[in-house]
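Here the structure comes first, spelled out in structure tokens, and everything after it is commentary.
The values are calculated or read from the model by the stated rules, or taken from the named source; none is laboratory data. All figures in this text were calculated on a predicted structure; none of them were measured in a lab. Note: ideal-geometry Cβ built from the backbone for every residue, glycine included; neighbour counts use all protein chains shown. The area values use the complete protein model at the heavy-atom level, side chains included, leaving out ligands, DNA and RNA. Shrake-Rupley method; radii C 1.70, N 1.55, O 1.52, S 1.80 Å.
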Amino acid sequence: MAKIYSRIPEQNIQRGERIVYDAMTRLPADWVIFHSCKEDYLEDEHYIHYEADFVVLVPQKGIVVVEVKDWPQMRLLHGRWQSRKNDHGSWKTHTHAPLEQANIALQKIMRSLTRCGCLPQAAPRWPEHRHMAILTQGTPPDGGLHNLPFDSLYLCGAESLQHLQQRIEELFVLDQPERMSTHRMQKITEALAPSVRFHVSLSTYLQEMDSASANLLNILPALYESTGGIRVEGCAGTGKTVMACAEAARLAAEFPRNGTRHVLMLCFNHAMANELHQHPLLAEQQETLFISTFHDFCIQHILEHHGFGYMVNYVGDGDRLPDIALQQILELLPGIPHYDAVFVDEAQDFRGIWWQIIQGLLNPGGKLYIFADKHQDLYDRYDQLPGLATRIRLSTNLRNAHQIANFSRAMLPADARNLQILPLSGDGIRISPPADTPEERAAAVSRIIEELLQSKEGILPRDIVVLSPWRTVHPRCSLRLVPGLALAATDEQPEQAAQRREACRSPHSTRIFASTIKSFKGQEAAYIIVTDVIGLGESRGFDMKELYTACTRARYGLFIVPTTTGKALVEPYLPAFS
């Protein structure tokens with residue numbers, strides 16, 4: 001069985017491509033196939049985008065790019081290729097024929113492989129490369145489909161796939177082992193791997209972003225060589241949480257204390273804590289690493305443990321840790337376990353008195369690691385961060401597709417726009433027409449969701465999140481009017497919000513997670529819909545920081561549903577990525 005890498009779960013592959021996918025699995029075991037490749041790379045200061053249904057690496061021969069069309073939904077009309085989504089859909093005319101699409105993708109892939117050093121600069125046809133198109137389910141009409149050069153091929157009908165290996169091998173004129181050696185196969189495999197990865201959660205972020213976040217490894221030594229503490233700052237998506245997890249896991253594993261937890265990792269909300277618990281690095285260190293929100297740690301392991309639980313505000317209105325409770329925690333600190341290292345993620349959200357407690361949890365000689373972004377300071381607490389001797393600034397966006405990263409970067413102050421952006425693939429940004437009533441915005445959100453689920457291959461409800469500046473009880477909030485959303489109950493507690501988020505992340509979930517922007521801080525999703533976007537000054541608390549935070553949650557696609565004033569606010573940033 002051939003090795004197949006795909007960015008789409010098998011059960012979600014559409015009919016035509018699934019027929020070809022199954023045929024590909026029967027190719028020889030030393031063949032390598034990439035299904036649903038997408039990439040953007042930078043060339044002469046412009047981003048080059050390609051999509052390929054299949055890329056096949058044939059040992060000792062070369063590369064084949066395959067375009068697949070499900071023939072009942074394709075037709076030739078007056079010499080123009082057309083397609084439709086289903087038997088009753090409208091026909092869409094294509095600029096290029098399927099074989100031309102394959103050839104265009106092939107040329108861009110070869111340039112990409114040359115750019116990253118997998119192929120020599122001066123030999124565009126080395127190793128051999130070919131392209132082909134497969135039309136499934138039936139026989140297309142005659143008329144020039146087969147009168148094509150030797151290095152291109154149409155296969156028509158599912159029965160033609162019975163001899164797929166032979167047909168692919170026939171594309172190559174000569175065996176050229178040195179041009180597609182095992183070593184070169186491995187290099188190309190590593191280069192193409194990011195183009196078939198579908199990133200949807202922090203729990204797989206580090207594993208799936210190894211190639212993009214390799215530069216972080218060069219910075220990690222500064223963390224463990226510092227003394228006393230270190231402050232790591234960076235804009236959204238620059239890898240702060242990646243670094244925190246890597247260093248926390250290293251320290252937790254380095255000095256085991258007979259099962260005693262000696263490293264503490266704190267964050268702001270429950271959903272983030274749940275993600276960290278599932279992180280592949282941190283999950284292995286649970287015996288020596290303690291992960292919690294700041295509130296849960298103080299309530300469950302300090303106040304309630306010492307009989308002061310009655311001081312906690314349990315009604316869900318206001319801070320669960322009133323000042324009287326915080327003062328009591330400070331008094332109890334000498335008698336509770338201390339830690340060799342404390343990590344704080346989303347540190348710009350933490351109050352000044354919280355830092356007194358956190359620093360009081362350190363053993364003598366212990367180290368404090370804080371990770372913050374002043375551009376996401378939604379609670380105006382950034383100036384309360386403790387001053388630490390060692391500071392590092394991260395300057396490369398590793399999360400967002402380049403269109404989203406450029407769009408979001410334009411929202412930053414001029415002195416913060418020198419952020420480096422990787423050419424990660426994406427579906428771009430779309431700003432809906434202005435909608436000044438909640439009903440109009442809800443209808444726009446529903447249309448976007450329907451479009452994503454019906455027209456995007458492999459997209460599930462779990463991959464989509466809808467954000468609003470307001471809670472559902474706010475009269476201008478449109479979330480409550482959108483069917484199919486998993487909304488927060490009026491009296492929802494933080495633990496329940498985390499459970500709701502986890503339920504929506506299931507592959508079997510039919511509901512789409514909805515949240516306020518503030519509650520979704522530190523998290524991400526493949527596709528983000530930001531609704532109820534208004535002009536600055538129209539609502540207390542909504543400003544550029546909140547808009548920036550919302551937009552940077554999106555990995556691949558960003559949709560904005562604004563009011564008239566909101567559209568005027570966001571449109572000036574569109575030229576940043578065009």
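Looking at the range 272-289, can you tell me whether even one residue there is farther than 24 Å from Ala503 by Cα, touching a helix residue (DSSP H, G or I) at 6+ places or on another chain (Cβ under 8 Å), touching a residue at least 40 places away in the same chain (Cβ under 8 Å) and buried (at least 18 other Cβ atoms within 10 Å of the Cβ)? Scanning the range 272-289, I find at least one residue that is farther than 24 Å from Ala503 by Cα, touching a helix residue (DSSP H, G or I) at 6+ places or on another chain (Cβ under 8 Å), touching a residue at least 40 places away in the same chain (Cβ under 8 Å) and buried (at least 18 other Cβ atoms within 10 Å of the Cβ), so the answer is yes. Out of the residues in the range 442-455 that are touching a residue at least 40 places away in the same chain (Cβ under 8 Å) and surrounded by fewer than 18 Cβ atoms within 10 Å (Cβ to Cβ), state the one that is nearest to Glu502 (Cα to Cα). Selected residue: Gln454.
Here is the figure for the range 298-320: residues that are open to solvent by less than 80 Å² (accessible area, probe 1.4 Å), within 16 Å of Gln493 (Cα to Cα) and part of a helix (DSSP H, G or I) total 1. Of the residues making up the range 188-235, those that are modelled with pLDDT of 85 or more and within 16 Å of Val64 (Cα to Cα) are Ile188, Thr189, Leu192. Within the set of pairs 6+ apart or on separate chains, which have a first residue in the range 460-483 that is farther than 11 Å from Ile512 by Cβ and in a loop (DSSP other than H, G, I, E, B), a second that is of a type in the set (Lys, Arg) and open to solvent by 20 Å² or more (accessible area, probe 1.4 Å), and C-beta atoms under 6 Å apart? Listed pairs, sorted by first residue: Thr472/Arg480.
Quick check on Ser292: is it at pLDDT 85 or above, surrounded by fewer than 22 Cβ atoms within 10 Å (Cβ to Cβ) and among the polar types (S, T, N, Q)? So Ser292 fits the description; yes.
Filter the range 533-545 for residues that are out of contact with any Pro (no Cβ under 6 Å at 6 or more places or on another chain) and either under 16 Å from Ser408 (Cα atoms) or part of a strand (DSSP E or B) (or both) and give the result.
Step one: filter the range 533-545 for residues out of contact with any Pro (no Cβ under 6 Å at 6 or more places or on another chain), giving 534-541, 543-545.
Once the filter is applied, which keeps residues that are out of contact with any Pro (no Cβ under 6 Å at 6 or more places or on another chain) and either under 16 Å from Ser408 (Cα atoms) or part of a strand (DSSP E or B) (or both), the range 533-545 yields Asp543, Met544, Lys545.
With respect to the conditions (1) of a type outside the set (Asp, Glu); (2) open to solvent by 20 Å² or more (accessible area, probe 1.4 Å); (3) at pLDDT 85 or above, Arg15 lacks only one, and its number is (3). Among the residues of the range 547-578, those identified as farther than 26 Å from Ile459 by Cα and open to solvent by 10 Å² or more (accessible area, probe 1.4 Å) are Thr564, Thr565, Lys567, Ala568, Leu569, Glu571, Pro572, Tyr573, Pro575, Ala576. Taking the range 484-518 only, how many residues are outside any strand (DSSP E or B) and touching a Cys at 6+ places or on another chain (Cβ under 8 Å)? Qualifying residue count, the range 484-518: 1.
Of all the criteria given as (1) over 22 Å from Val196 (Cα atoms); (2) buried (at least 20 other Cβ atoms within 10 Å of the Cβ), the one not satisfied by Val473 is (2). If the condition is being touching a helix residue (DSSP H, G or I) at 6+ places or on another chain (Cβ under 7 Å), surrounded by 16 or more Cβ atoms within 10 Å (Cβ to Cβ) and not aliphatic (A, V, I, L, M), then the range 485-510 contributes Pro494, Arg501, Glu502, Cys504, Arg505.
Here Glu439 passes the criteria (1) surrounded by 17 or more Cβ atoms within 10 Å (Cβ to Cβ); (2) modelled with pLDDT of 90 or more except the one numbered (1). Within the range 325-376, the set of residues being closer than 21 Å to Tyr548 by Cβ and open to solvent by 20 Å² or more (accessible area, probe 1.4 Å) comprises Glu346, Lys374. Of the numbered criteria (1) modelled with pLDDT of 75 or more; (2) of a type in the set (Val, Ile, Thr); (3) in a loop (DSSP other than H, G, I, E, B), the one Thr139 fails is (1). Tell me yes or no: at least one residue of the range 438-450 is within 20 Å of the chain's Cα centre (by Cα) and in a helix (DSSP H, G or I). Taking every residue of the range 438-450 in turn, at least one turns out to be within 20 Å of the chain's Cα centre (by Cα) and in a helix (DSSP H, G or I). Regarding Arg409, is this residue within 23 Å of Ile534 (Cβ to Cβ), crowded, with 19+ Cβ neighbours inside 10 Å, of a type in the set (D, E, K, R) and in contact (Cβ under 8 Å) with a residue 24 or more places away in the chain? Answer is yes for this residue. Taken over the range 105-116, the residue count meeting the criterion of being more than 21 Å from Cys156 (Cβ to Cβ) and either open to solvent by less than 60 Å² (accessible area, probe 1.4 Å) or over 26 Å from the mean Cα position of the chain (by Cα) (or both) is 7. Cβ-Cβ contacts under 8 Å between residues 6 or more apart (or on different chains), taken from a first residue in the range 532-546 that is within 24 Å of Arg480 (Cβ to Cβ) and open to solvent by 40 Å² or more (accessible area, probe 1.4 Å) to a second residue that is at pLDDT 90 or above and among the polar types (S, T, N, Q), are listed as Glu538/Thr565.
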